[in-house]
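J.: If you scroll down you'll find the structure; I have some questions about it.
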Amino acid sequence: MKKLFVTTAAWAILSVFAFAQTASADIYGTVRDPNSAALHGVIVNLTGDVTGQRSQVTSAEGNFRFLNLAPGTYRLKFEKTGFTTVIYKGVRMFVGKNKHLRVELTAGPTSPAVEITGASGAVDVRRVTKAANITEEMLQSLPTARNPWTIFNLVPGIMIDREDIGGNESGQQSAFYGHGVDNDDSTWYMDASKVTDPSAIGAAPAYLNTNSYEEIQVTLGANDIGSQTGGTQLNFVTKRGGNTFNGDIYIYAEDEAWEMNQTLPQSIINRGQGSPGVYRLYQYGINLGGPIVPEHLWFYGSFGIQDIHSRTIAQTEDATWLQSLYGKVNFRFGGTSGMFQYANDNKKKWGRTAIGAANQSPETFFNQTGPEGVTLLADLQQEMGSLVLNARLSYRDGGFTFDPKANENGWMQKQNQGVTGPDWYDYYTPSRYWTGGFYYYTTTCDSLDLTVGGNYFAEGMLGGDHEIRFGVDYYTADTATNLLWPNHRRLFIYDRNNPAGYKEIWWLQDYIFDVGFKRISFYLNDTVTFGNLTANVGLRYDRETGSHNAATAPALLFNGTTPIFTSHMGTVSTIAGTAAGAYEVFSPRVSH
């Protein structure tokens, strides 16, 4: 008990410095003799292409288990004095998937060993989640664009809000819907650590480069007890180093010269429009990993560029530059394992439109920076017999900016100092059209997620085997938003062909929004097995609170010099405070 207390206390202290839990798969199994009697004391050695050797000894019930395995191919060796050695080769594991092996050892010499090759335990009896895994092999073999939303189209039940032809939408956010659930209920993960953008729930926190990832897991239903929401869960699993050096260099290229030519209707030509497509699209990068200390310490790194120049229906260029970088270190020493990871994904886009290139003049196009930011992840896990403890933390520093071309010299940030620029003209007929200036928008969002929990296995309790999962999850985020209107006004003109006709002016005050969010969650789940019946019973509690930080919105000024409408649009200051109310949710989870 003293040893257990000291180990647990050390794990708790170390958990303060941990950052995230890696995505994993699990192997369970039972070893029996030809008479179906459980074999106790069988040594089970596991080796893999991306991990060091791990060992287990079967329990009195003949059971063994290897948890939190990285996606990859594994080899298991079963040895017991007086019995023939059995080796399972080529056991392929995918993130979020389990295998349950029923191994039989016969009395006899230990060599030659009996070798079994290929997948075993194909039916996952311990998971009820409805999920699809998009593997690296699938991505390499399919002639499809390589961006997250096109990949989601491969999952049955997912609907995307646009058609992506040859990657022409690679640099643009897409809305998606899984089994009828809106994407506002979706959660994004990197190696099972939450990286959802708190300022744009459901939207991508970054434009992740699919060429850098081992797998993409899309969960559509019966979500894990660790997931707060019931919507689509998107988990990007990074590659990791093994005991041999491995990697790749990739280049994908498209060009307008390779497009199919087609004759357009004269009505489209008369409007000065043409077929949308790709001027050019280049994706290139490098992935490399391997051992630092074989069997104990490994590294992996990835760097990639996506240079996208698409063509709009108005025949203007929509240019996007995506840069992705991550580096990670995995370690395992005895029963202690974990990882540390740094990721940086940045986006730059020139010529983004709000209502279409045919309805906006070029000076109202946005130059976009972001979503971008740094994500820090790490994981610490301690195995102590039937008890496995884990601590994880993820930190993300993100944000994005929409800066109209009319603001290229930054005059809108100085308009309260008397600097003026072009007004924003909004025409209604003969068709909606914008010209002049446009608004400036920027937001920053930081989030921190800390989870401490574990698994405990109880065999033969109350007539069944129990895998009890428990955890505490603490999440906090801050979002600050600033929106600037050109000259604090917007001019509406009814008829573009008659500028002197009906018009009106909207006076608009600059907008500052700075808020915080906190959530504390507790969950407990039991996966219980009675013979051929496996059931999941769990309960999750979430409590959410909100706050606002001190902020001041300046008064409305006419041309940046004279206050106007002071009784209604004067300086507005907000002091820091916490919302009086809180959202509390109890969510039971039952499945079999």
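FYI, it's all coordinate maths here, none of it is from the lab. None of the values given here were measured: they were computed from a predicted structure. For neighbour counting, all protein chains shown are included, and Cβ atoms are generated from backbone atoms with ideal geometry for every residue, glycine included.
J.: Which value in Å does the Kirkwood hydrodynamic radius of region 255-591 take, with 1/r averaged over all unlike C-alpha pairs and then inverted?
T.: Result for region 255-591 stands at 25.4 Å.
J.: What dipole magnitude, in Debye to the nearest 20, does region 15-122 give about its Cα centre under +1 on Lys/Arg Cβ and -1 on Asp/Glu Cβ?
T.: Details: 11 positive and 7 negative charges, 36 e Å.
Around 180 debye, computed over region 15-122.
J.: Pairs of Cα atoms under 8 Å, at least six residues apart: use those to get the relative contact order of region 255-591, whole percent.
T.: 10
J.: Taking a cut-off of 13 Å between Cα atoms, list the aspartates and glutamates near Lys503, but don't count ones fewer than 8 places away on the same chain.
T.: Asp426, Asp495
J.: Alpha carbon centre of region 387-450 versus region 213-241: separation in Å?
T.: 29
J.: Only Lys, Arg, Asp and Glu count, each charged at its Cβ (+1, +1, -1, -1), so figure out the dipole size of the chain about its Cα centre, rounded to 20 debye.
T.: Details: 45 positive and 56 negative charges, 165 e Å.
So the magnitude is around 800 debye.
J.: Oh, and also: Over the chain, calculate the relative contact order: mean separation of alpha carbon pairs under 8 Å at least 6 apart, over the residue count, as a percent.
T.: Relative contact order here is 10 percent.
J.: Here is a further query. Which ordering of Glu115, Glu137, Glu383 is given by a fewest-first count of other beta-carbon atoms within 10 Å?
T.: Ordered by Cβ neighbours within 10 Å, fewest first: Glu137, Glu115, Glu383.
J.: While we're here: Helix 2-15 sits at what angle to the longest principal axis of the chain, using alpha carbons and giving 0 to 90 degrees rounded to 10?
T.: Rounded to the nearest ten degrees, it is 20.
J.: Something else now. About its Cα centre, what dipole magnitude does region 255-591 give when the only charges are +1 on Lys and Arg Cβ and -1 on Asp and Glu Cβ, stated in debye to the nearest 20? Don't skip to the answer; put the middle values down first.
T.: Values: 24 positive and 32 negative charges, 149 e Å.
The dipole of region 255-591 has a size of about 720 debye.
J.: Extension gain Leu533-Ala175, at 0.36 nm per residue separation less the Cα-Cα distance, in nm?
T.: Using 0.36 nm per residue and subtracting the Cα-Cα distance, I get 125.0 nm.
J.: Please give every one of the aspartates and glutamates within straight-line cross-link reach of Lys80, meaning a C-alpha to C-alpha distance under 12 Å, and leave out same-chain neighbours fewer than 8 residues apart.
T.: Within the straight-line limit of under 12 Å, Lys80 reaches these aspartates and glutamates: Asp33, Glu104.
J.: OK, next. Which of the listed residues, Tyr74, Asn63, Leu39, is farthest toward the dipole's positive end in region 15-122, when Lys, Arg count +1 and Asp, Glu count -1 at the beta-carbon?
T.: The Cα lying farthest towards the positive end belongs to Tyr74.
J.: Using the Karplus curve 6.51 cos²θ - 1.76 cosθ + 1.60 with θ = phi - 60°, work out ³J(HN,Hα) for each residue of region 232-243 in order, rounded to whole Hz, and write x for Gly and Pro.
T.: 5, 10, 10, 10, 9, 9, 6, 6, 9, x, x, 7
J.: Determine Rg/Rh for region 15-122; Rg is computed over alpha-carbon atoms and Rh is the Kirkwood hydrodynamic estimate from the same atoms.
T.: When Rh is taken as the Kirkwood radius, the ratio is 1.01.
J.: Based only on other Cβ atoms within 10 Å, what is the fewest-to-most ordering of Val31, Val572?
T.: The order, fewest Cβ neighbours first, is Val572, Val31.
J.: Still on this structure, please answer the following. So if each residue of separation counts as 0.36 nm, and I subtract the Cα-Cα distance between Met159 and Gln417, what length gain in nm does that give?
T.: 88.1 nm
J.: Shifting gears a bit: Lys/Arg Cβ at +1, Asp/Glu Cβ at -1, dipole of the chain taken about the Cα centre: which of Leu387, Leu297, Asn153 is farthest positive-ward?
T.: With unit charges placed on the Cβ atoms, the residue in question is Leu387.
J.: On average, how much area does the Cα convex hull of the chain cover when viewed from any direction, in nm²?
T.: Taking a quarter of the hull surface, the average projection is 33.0 nm².
J.: Just how far, in whole angstrom, is region 535-592 from region 312-342 if you go by their alpha carbon centroids?
T.: Each part's Cα centre sits 31 Å from the other's.
J.: For the pairs Lys348/Lys405; Lys347/Lys518; Lys89/Lys328; Lys349/Lys414; Lys328/Lys349; Lys239/Lys518, flag any whose C-alpha to C-alpha distance is greater than 20 Å. Don't jump to the answer; show the numbers that get you there.
T.: Numbers: Lys348/Lys405 14 Å; Lys347/Lys518 28 Å; Lys89/Lys328 28 Å; Lys349/Lys414 24 Å; Lys328/Lys349 28 Å; Lys239/Lys518 31 Å.
Exceeds cut-off: Lys347/Lys518; Lys89/Lys328; Lys349/Lys414; Lys328/Lys349; Lys239/Lys518.
J.: Would you compute the Debye intensity of region 369-438 from its alpha-carbon atoms alone, equal scatterers and no solvent, and pass along log10 I(q)/I(0) at q = 0.14, 0.15, 0.16, 0.19 Å⁻¹ to two decimals?
T.: Relative scattering, expressed as log10 I(q)/I(0), comes to -0.70, -0.74, -0.79, -0.92.
J.: Report the FRET efficiency, 1/(1 + (r/R0)^6), for Trp321 and Gln262, where r is their Cβ-Cβ distance and R0 is 25 Å, rounded to 0.05.
T.: 0.30
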